[in-house]
Amino acid sequence: MVRVLFYLYLAKKYDIIKIMKIKITRKKMKNITIRINSDGEVLVSAPIKIPNSYIESLLKEKEKWIREKIALVEERKKLETKFEEGDKFYYLGFPYIIKLEISLQERCEIKDNNFIIYLKDNSFEKRKKLINQWIYDNFYPYVINRTMEIGESIGYSPKMIKFRDMKTRWGSCNTLSRSITFNHQLYKKSKDIIDYVILHELAHIPYPHHQKEFWDFVEKYMPSWKEKRKQLRSNT
């Protein structure tokens, strides 16, 4: 059973009223789960007998978290591109202008302020494939090296580092396996913001929560973490 609820809330940053579209699905389960999909919809799965009033009070309690996740989805939509001639390609926080060149040798390179894609036939699928390969060859090693450097400096290094597209998170940490996963889209962010994400995930190895001890640890190694987090969550 699915119930659709339109929930009004005040988006303080913009001082306007926004509408959250919330879908509540009743299932045979013990706990309530809340997630945000790629369209910015709030998906709630709840036990069959939990009253609607309880769910709505929980949504109100989680309003700040929900708003942040929706803003993250909206930011990523703004940054979506077809990688066409003249589009901006953000790498390590810098906007490069995409240039397309027909060539038998397919590759990508940064030259001056341009991101040049050399390709045999021009299609979105081919452009995306070449760019992802370039990110794999250039960005992934950068993040892996920085993660190990920061890990050694704070005394907690991961045993495994992975990358994948994530809709609502920039990174995650499995404390038991000491495995860290970074969002593939992190390549668009500046180096200092990437360092914050790395430190944040590494800090979860000794502190698998977001309680005071966790943030004290982060602040010890990055006193400006609040500003970095604010920039990460912003739409700029």
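Observations, loosely collected:
- Answer from I161, I150, I154 - the residue that is β-branched (V, I, T) and within 19 Å of the chain's Cα centre (by Cα): I161
- Pair list, Cβ under 6 Å, 6 or more apart: segment 107-134 residue touching a residue at least 24 places away in the same chain (Cβ under 8 Å), other residue basic (K, R) and assigned to a helix (DSSP H, G or I): I117/R127
- Being touching a Leu at 6+ places or on another chain (Cβ under 7 Å) and of a type outside the set (A, V, I, L, M) holds for only one residue in G171, G155, G151, and it is G151.
- Lone qualifier among I198, I194, I180 - being in contact with a Pro (Cβ under 7 Å, 6 or more places away or on another chain), at pLDDT 95 or above and either among the basic types (K, R) or surrounded by 20 or more Cβ atoms within 10 Å (Cβ to Cβ) (or both): I180
- Subset of segment 146-177 that is crowded, with 16+ Cβ neighbours inside 10 Å and aliphatic (A, V, I, L, M) - its residue that is nearest to I34 (Cα to Cα): M166
The values are calculated or read from the model by the stated rules, or taken from the named source; none is laboratory data. Just so it is clear, the structure is predicted and the values come from calculations on it, not from any experiment. Counting neighbours? That spans all protein chains shown, and the Cβs are built from the backbone with ideal geometry, glycine included.
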